[in-house]
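Asker: Got a structure for you, questions after.
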Amino acid sequence: MSSPDRLLRSFLYAPGSRPDLLEKALDAGADAVILDLEDAVAPADKVTARRAVADLVARRAPAAACQVHVRVNRGPDGYDLDDVAAVVAPGLAALRLPKAVSAAEVAAVAELLDELEAARGLPAGTVGLYPTVETAAGVDRCRELATAPRVVSLAFGAADFLADIGAHGGDGYEPTLLARSALVLASRVAGIAPPVDGAWTRLDDEEGLRRSSRWARSLGFAGRSAIHPRQLPVIHEVFTPTAEEIAWARRVVAALGERSATAVVDGGFVDPAAARRARRLLALAEGVDR
């Protein structure tokens, strides 16, 4: 399963009903590709899309340069276990679970994964889970979701969340601040990877994507979803620790070492808390394929 110290900056969606786009997505340069069986697929095409995604996972996931994830469907009684059973194969890194509100539903998927991995010869714990918080109820239960079995990271769906609470906030900064911060804190307490932000849907607004991504990173998010490969360079730019940040972190660690004291770095005082932040930044930077 993915390590909390592995920095995944970009998660590119590819519709399961478009086999041509599924193939291209794996070569687009994203850190992870989400083969989508949910929103991007019309109800009449669900079964066909499931077969196409399962085929692609089997053929290409083991040798893919990126992590391969699948977003499964959710019904009134929980997640579509037929989706799960169809796509679990060598090379599948994770499942994204939309509209997450119940840790018990997440645990049911985790239990099925235990059985599928054992039956298909996969190491136990191979497939991680990314519950996506998209409602007020999901935010309210995000600590339970973060500690559910196999959860690697929480994801946030801003558009659905804003619709759920009836907010009209332009870019969604103010109405989603509490929700986003709740996910960051829940993730940190649970010891999982930082949360993943949702997609920026205005393809022609590169500066909006950059501004929104910087804001999300400032809150503690470590990456975000993308709906088109052209968004990847901006996402990678924002969520990759810069050379200046890495140099600062190294100076802080060198100055403080393991001491429980303060030191002066770049003309300012730093303390053990700054050293912990610096070490986390260096650990994350080591996990980036630049």
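The values are calculated or read from the model by the stated rules, or taken from the named source; none is laboratory data. All of these numbers come straight from a predicted model, not from anything done at the bench. All Cβ positions, even for glycine, are placed from backbone atoms using ideal geometry, and neighbour counts span all protein chains on display.
Asker: Exactly one of (1) touching a Gly at 6+ places or on another chain (Cβ under 9 Å); (2) buried (at least 18 other Cβ atoms within 10 Å of the Cβ) is unmet by Tyr130. Its number?
Answerer: (1)
Asker: Looking at (1) closer than 30 Å to Ala167 by Cα; (2) buried (at least 19 other Cβ atoms within 10 Å of the Cβ); (3) not aliphatic (A, V, I, L, M), which one does Arg150 not meet, given that it meets all the others?
Answerer: (1)
Asker: Can you tell me which of (1) small (Gly, Ala, Ser); (2) surrounded by fewer than 23 Cβ atoms within 10 Å (Cβ to Cβ); (3) free of Cβ contacts under 8 Å to residues at least 60 places away in the same chain is the one Ala49 doesn't meet?
Answerer: (2)
Asker: Condition test on Ala182, is it in a helix (DSSP H, G or I), surrounded by 17 or more Cβ atoms within 10 Å (Cβ to Cβ), of a type in the set (Gly, Ala, Ser) and touching a Lys or Arg at 6+ places or on another chain (Cβ under 7 Å)? Explain how you work it out, then say what you get.
Answerer: On the way: in a helix (DSSP H, G or I): yes; surrounded by 17 or more Cβ atoms within 10 Å (Cβ to Cβ): yes; of a type in the set (Gly, Ala, Ser): yes; touching a Lys or Arg at 6+ places or on another chain (Cβ under 7 Å): no.
So Ala182 fails the test.
Asker: For the range 167-176, does any single residue satisfy the condition of being within 22 Å of Leu35 (Cα to Cα), among the aromatic types (Phe, Trp, Tyr) and either assigned to a helix (DSSP H, G or I) or at pLDDT 95 or above (or both)?
Answerer: The first filter runs over the range 167-176 and keeps only residues within 22 Å of Leu35 (Cα to Cα), leaving none.
For the range 167-176, residues within 22 Å of Leu35 (Cα to Cα), among the aromatic types (Phe, Trp, Tyr) and either assigned to a helix (DSSP H, G or I) or at pLDDT 95 or above (or both): absent.
Asker: Read through the list (1) under 18 Å from the mean Cα position of the chain (by Cα); (2) free of Cβ contacts under 8 Å to residues at least 60 places away in the same chain; (3) within 20 Å of Phe156 (Cβ to Cβ), then give the number of the only condition that Leu26 fails.
Answerer: Result: Leu26 fails condition (3) only.
Asker: Next question. Name the one entry in Arg210, Arg143, Arg150, Arg202 that is at positive phi and in the same structural domain as Gln67 (by TED's automatic domain parsing).
Answerer: Values: Arg210 fails: at positive phi; Arg143 fails: at positive phi; Arg202 fails: at positive phi.
Result of the check over Arg210, Arg143, Arg150, Arg202: Arg150.
Asker: Continuing with this model, one more query. For the range 139-155, what are the residues that are in contact (Cβ under 8 Å) with a residue 24 or more places away in the chain and not small (Gly, Ala, Ser)? Break it down stepwise before answering.
Answerer: Looking only at the range 139-155, we keep the residues that are in contact (Cβ under 8 Å) with a residue 24 or more places away in the chain, and these are 139, 141-155.
Of everything in the range 139-155, those that are in contact (Cβ under 8 Å) with a residue 24 or more places away in the chain and not small (Gly, Ala, Ser) turn out to be Val139, Arg141, Cys142, Arg143, Glu144, Leu145, Thr147, Pro149, Arg150, Val151, Val152, Leu154.
Asker: Here's a follow-up. Of the residues Ala119, Ala159, Ala124, Ala136, which single one is touching a residue at least 24 places away in the same chain (Cβ under 8 Å), surrounded by fewer than 18 Cβ atoms within 10 Å (Cβ to Cβ) and over 23 Å from Phe11 (Cα atoms)?
Answerer: Working: Ala119 fails: touching a residue at least 24 places away in the same chain (Cβ under 8 Å); Ala159 fails: over 23 Å from Phe11 (Cα atoms); Ala124 fails: touching a residue at least 24 places away in the same chain (Cβ under 8 Å).
Going through Ala119, Ala159, Ala124, Ala136 in turn, just one is touching a residue at least 24 places away in the same chain (Cβ under 8 Å), surrounded by fewer than 18 Cβ atoms within 10 Å (Cβ to Cβ) and over 23 Å from Phe11 (Cα atoms): Ala136.
Asker: Taking the range 5-47, which residues are modelled with pLDDT of 95 or more and of a type in the set (Val, Ile, Thr)?
Answerer: Across the range 5-47, the qualifying residues are Val33, Ile34.
Asker: Pairs needed: first member in the range 217-237, assigned by TED's automatic domain parsing to the domain that holds Leu35; second member anywhere, in a helix (DSSP H, G or I) and among the small types (Gly, Ala, Ser); C-beta distance under 7 Å; at least 6 residues apart or different chains.
Answerer: If the second residue must be in a helix (DSSP H, G or I) and among the small types (Gly, Ala, Ser), the pairs left are Leu219/Ser181; Arg224/Ser213; Arg224/Ala216; Val234/Ser213; Ile235/Ser213.
Asker: Separate question: In the range 44-88, which residues are more than 25 Å from Gly138 (Cα to Cα) and in contact with a Lys or Arg (Cβ under 7 Å, 6 or more places away or on another chain)?
Answerer: Answer for the range 44-88, where residues must be more than 25 Å from Gly138 (Cα to Cα) and in contact with a Lys or Arg (Cβ under 7 Å, 6 or more places away or on another chain): Ala86, Val88.
Asker: Within the set of pairs 6 or more residues apart or between chains, which connect a residue that is β-branched (Val, Ile, Thr) inside the range 57-70 to a residue that is crowded, with 16+ Cβ neighbours inside 10 Å and in a loop (DSSP other than H, G, I, E, B) with Cβ atoms less than 7 Å apart?
Answerer: Correct list of pairs: Val57/Ala89; Val57/Gly91; Val68/Gly91; Val70/Leu37.
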